[in-house]
Amino acid sequence: MKHGLVLEGGGMRGLFSEGFIDVMQEHGITVDGMIGVSAGALFGCNFKSHQPGRGLRYNVRFKDDPRYMGWKSFLRTGNFVNAEFAYHTMPMELDVFDIEAFEADPTEFYLVCTDIETGKPVYRKIDHVEDATLEWFRATGSMPIVSTPVEIEGRKLLDGGMIDCIPLQYFQSIGYGRNVVILTRPKGYRKTPSKITPFFRLFYPKYPKVAECMQRRHEMYNTELAYIEEQAQKGNILAIYPDHPLDIGRTELNEEKLRAIYQHGREKATSMLTDVKNFLKN
């Protein structure tokens, strides 16, 4: 039975997950594979490349850089997070992603995107990293409305969290029977229907599946949360939750908040280190 790590997204809430997995890495805890959605993939890839703290570091470093993210980028390019700078220039030149370490590490790495023409999830295994591969990372993190669709291999893709926020069931289906699942909402949270669904039809008139996905998203998410609770009770997973709601917006770059979310993840991991080790040994 393979042991896995499942990482929810949530924009900058994902720094909680990064703090948690950084402590795992510092204590030599490994898994056979990992899967991340949106920020879960963007921060989680640093676990496989052995670069703890990298996600926090580059967000603090570039928080005031107009090339990174903001409304100027959105008005100029259609992307709140600047596609070229954030997904190519920064990881290849400025805060360099360790491609050699990523490719040498045996941990399997998957991410999730949404095909906006079919309304179906696309699960992609990433073995090698190059300019073309980095577009998959851009796709999984491309939030609707504030991002343009990413075209890869004939598909038009956006954020995987539109269709599969916590891809535990997919990971189980490919052989990962024992998983540590890191969420970015506190235990007991349930999502309510979105009030801005009509805007998705206006922004994506050629892609009605976008509005359909977003209209059902709260139902999908709450069903996944219920499944996680069931699996935790059966002992098949170890579910990790923040102790309280994470007070940060998806694209917020307040340094104090960034560091606080990351630190909460580290503290949570430190308090649960024995639990994580024992769970992965069994």
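The values are calculated or read from the model by the stated rules, or taken from the named source; none is laboratory data. Values in this document were obtained by computation on a predicted structure and should not be read as measured data. A quick note on method: Cβ atoms are made from the backbone with ideal geometry, for glycine too, and the neighbour counts reach across all protein chains shown. Heads up: the accessible areas ignore ligands, DNA and RNA and are worked out on the full protein's heavy atoms, side chains in. Shrake-Rupley method; radii C 1.70, N 1.55, O 1.52, S 1.80 Å.
Considering only protein heavy atoms, with the full assembly of protein chains and a 1.4 angstrom probe, order 3, 244 by accessible area, largest first.
244, 3
Relative contact order for segment 41-183: what is it in percent, counting Cα pairs under 8 Å that are at least 6 residues apart?
Once divided by the residue count of segment 41-183, the mean separation gives 21 percent.
If each residue of separation counts as 0.36 nm, what is the full-extension length gain between residue 226 and residue 244 once their alpha-carbon separation is subtracted?
Separation in residues times 0.36 nm, less the Cα-Cα distance, equals 4.6 nm.
What is the Cα centroid distance between segment 32-90 and segment 145-201, reported in whole angstrom?
Going from one Cα centre to the other spans 17 Å.
If the chain between residue 203 and residue 64 were fully stretched, how many nm would it gain, using 0.36 nm times the residue separation less the Cα-Cα distance?
Details: separation 139, 0.36 × 139 = 50.04 nm, distance 2.81 nm.
Residue separation times 0.36 nm, minus the Cα-Cα distance, leaves 47.2 nm.
Compute the whole-percent fraction of alpha carbon pairs in segment 85-194 spaced more than 18 Å apart.
Counting pairs separated by more than 18 Å, the tail of P(r) holds 58 percent.
Provide the per residue accessible area, probe 1.4 Å, for the chain, rounded to a whole number of square angstrom.
Roughly 44 Å² per residue, with all protein chains present.
Could you work out the helix-only [θ] at 222 nm for the chain, with each DSSP H run of four or more residues adding -39,500 (n - 2.57) and the total divided by the number of residues, to the nearest 500 deg cm²/dmol?
Helix contribution divided over all residues of the chain: -13000 deg cm²/dmol.
Carbon-plus-sulfur fraction of the accessible area of segment 146-282, 1.4 Å probe, in percent? The partial results should precede the final answer.
Values: 3460 of 7000 Å².
Roughly 49 percent, rounded to a whole number.
Can you sort 42, 158 by 1.4 Å-probe accessible area, starting with the largest?
Numbers: 42 35, 158 0 Å².
Largest accessible area first, the residues go 42, 158.
If you stretched the chain out fully between residue 1 and residue 50, how much longer would it get, using 0.36 nm times the residue separation minus the C-alpha to C-alpha distance?
Numbers: separation 49, 0.36 × 49 = 17.64 nm, distance 2.42 nm.
Separation in residues times 0.36 nm, less the Cα-Cα distance, equals 15.2 nm.
If you average the sequence gap of Cα pairs under 8 Å that are 6 or more apart and divide by the length of segment 8-125, what percent do you get for the contact order? Present the calculation step by step, with values, prior to reporting the outcome.
Numbers: 149 pairs, mean separation 33.0, N = 118.
Answer for segment 8-125 is 28 percent.
Over segment 144-274, what is the mean sequence separation of C-alpha contacts under 8 Å (at least six apart), divided by residue count, expressed as relative contact order in percent?
Once normalised by length, the contact order is 27 percent.
For residue 77 and residue 233, what is the calculated FRET efficiency with R₀ set at 51 Å and r taken between the beta-carbons, to the nearest 0.05?
0.65
First measure r as the distance between the Cβ atoms of residue 192 and residue 101, then evaluate 1/(1 + (r/R0)^6) with R0 = 45 Å and state the FRET efficiency to the nearest 0.05.
Efficiency for this residue pair is about 0.65.
Equivalent-ellipsoid semi-axes (√(5λ), Cα gyration tensor) for segment 113-252, whole Å, largest first?
Numbers: eigenvalues 132, 81, 42 Å².
Computed over segment 113-252, the values are 26, 20, 14 Å.
Might you work out the accessible area of residue 196 for me, using a 1.4 Å probe with all protein chains in place, and round it to the nearest 10 Å²?
Spelled out: residue 196, probe radius 1.4 Å, area about 80 Å².
Kirkwood hydrodynamic radius, computed over distinct alpha-carbon pairs, for the chain: how many Å, to one decimal?
For the chain, inverting the mean 1/r across all distinct Cα pairs yields 18.8 Å.
Compute the distance in nm between two label points, each set 7 Å from the Cα along the Cα-to-Cβ direction, one at residue 259 and one at residue 128.
4.1 nm
Cα-Cα pairs above 17 Å in segment 1-102: how many percent? Don't jump to the answer; show the numbers that get you there.
Numbers: 2828 of 5151 pairs.
The proportion of pairs with Cα distances above 17 Å equals 55 percent.
If one puts a single equal scatterer on every Cα of segment 149-211 and applies the Debye formula without solvent, what log₁₀ I(q)/I(0) results at q = 0.26 Å⁻¹?
Debye curve over Cα of segment 149-211, log10 I(q)/I(0) at q = 0.26 Å⁻¹: -1.16.
Placing unit charges on C-beta atoms (Lys and Arg positive, Asp and Glu negative, everything else neutral), compute the dipole magnitude of the chain about its Cα centre in debye, rounded to 20.
Roughly 960 debye for the chain.
Once you have all Cα-Cα distances for segment 178-235, histogram them in 5 Å bins from zero and send the whole-percent values.
Computed distribution, short to long bins: 4, 17, 21, 17, 14, 12, 9, 5, 2.
Quick one: how many lysine pairs in segment 152-282 have C-alpha atoms under 16 angstrom apart, if they're 8 or more apart or on different chains?
Qualifying lysine pairs in segment 152-282: 4.
Just need the Rg to Rh number for segment 46-106, please, alpha carbons only, Kirkwood Rh.
Reported Rg/Rh (Cα atoms, Kirkwood Rh): 1.05.
For residue 252 and residue 148, what is the calculated FRET efficiency with R₀ set at 25 Å and r taken between the beta-carbons, to the nearest 0.05?
Working from the Cβ atoms, E equals 0.70.
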